[in-house]
Amino acid sequence: MPLHGEHATSNRPSLLAVCTLPPWPAMNGYSLRVSHLLQHLAPHWSITLVAPPSDAIPAGIADHVPVTLPERGVTYPWRFDQAALRATVDRVVNDRRPDRALVWAGSEALWFDRPDLPRAVVDVIDCNPLEFWRGFRSYRDLRQRYRSLREIAIAARYARRTVRSYAATVCVGQADAQWLRRIGGRSSVHVVPNGVEVAGPETIAPEATTPILSFTGALDYQPNIEAVRFAAAAIWPRIRAATPAARFVVAGRNPIPEIRALAAQPGIEIAANVPDMTAEIGRCWVSIAPMRSGVGIKNKVLEAWACARPVVLTRLATNGLIVPPGHADLVCDSADAMTGAVIRLFNDAAERHRLGQSARETVQRHFTWAKAAARLDALLR
């Protein structure tokens, strides 16, 4: 049965999309997810987007209603004043009467106790209580641990209300979904993993002539900072001792001074704000994701797999992923095991290439943005 907003000329129902960071340009995991999903939903929905001012809104988005929000904290709804966002959404709903709404993290509280708003799916992306719990466990500074513990309680209250206020709640990984189902007491939590753009094999740079281990990601994000520090201190020195010609390239946006300082360590290079991450990954022999904290799906893993590069990763980093055939031995948590896995791959080109190809095939089969958008489309309908 068609939704009431569908009509003969376009046959597209109307969708109100609400997010709290600019989707374009895609500068982080949040905007990457929002921008790709909106672009894939646009052929099937007439979309009105309520979001902060953004560059180069694609033509497929029917309308963009800009809203000015604070610069920080806007993905956690309890950290900023939502009055401007609420007033803008109310105005759009009153003027356009959308059939459905798709609400992203930071906007979820707008639907609390609001039966007058259109039926909605919320994409929280990550489970905030799980994020703060893992932060609490990984931090050594007592003030950081106290702040994380305090926010766990706040985030859990918001998560419970979120799950109970929406027709469906979406997140990127099974661990996040399990926590949200338990906190919310509802089965209406669904996993919709991220996708990745799969470049043609002819566009991927060949391996460098000497071994390169890579780590990619935002280098001002605390879980990435912790992972790089762990790799530099506990893993890289032993790899370097076994393979003196090898290099460890840490590539990503906005490296903090602590990360930049690692370039003084033999064999470590910091590649800041690289324009083409695919080229950077293509040169590497092996990638690494030694995550100790954080939540959600690791785009760094999907991006390396899409370039046919094997990834040595911790179990935490597998959240939301399907481990490719033959990769079980690359999933390990100790520094010894991760070191051994990288050295084995450095020394066995045939195995490295075989695992890289199986990783790329897994991405093509399971992790495209079109598949993710199709799952969201079904939930919205």
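Every number in this text was worked out from the coordinates using simple rules, so none of it is lab data. Quick caveat, the model's predicted, so the values are computed rather than measured. Heads up, the Cβs are rebuilt from the backbone with ideal geometry, glycines too, and the neighbour counts pull from every protein chain shown.
Some points to look at:
- For region 195-223, residues that are of a type in the set (F, W, Y) and assigned to a loop (DSSP other than H, G, I, E, B) total 1.
- Restricted to region 81-110, and to residues there that are part of a loop (DSSP other than H, G, I, E, B) and in contact (Cβ under 8 Å) with a residue 40 or more places away in the chain, the residue that is surrounded by the most Cβ atoms within 10 Å (Cβ to Cβ) is S107.
- The residue that is farthest from P77 (Cα to Cα), among those in region 137-169 that are free of Cβ contacts under 8 Å to residues at least 40 places away in the same chain and among the hydrophobic types (A, V, I, L, M, F, W, C), is L142.
- Taken together, the residues in region 29-73 that are surrounded by 16 or more Cβ atoms within 10 Å (Cβ to Cβ) and either more than 18 Å from the chain's Cα centre (by Cα) or closer than 22 Å to G173 by Cβ (or both) amount to 30.
- Residue selected from region 148-179 under the condition assigned to a helix (DSSP H, G or I) and within 17 Å of the chain's Cα centre (by Cα), by the criterion surrounded by the fewest Cβ atoms within 10 Å (Cβ to Cβ): Q174
- Residues (among the aliphatic types (A, V, I, L, M) and free of Cβ contacts under 8 Å to residues at least 12 places away in the same chain) located in region 348-373: A349, A350
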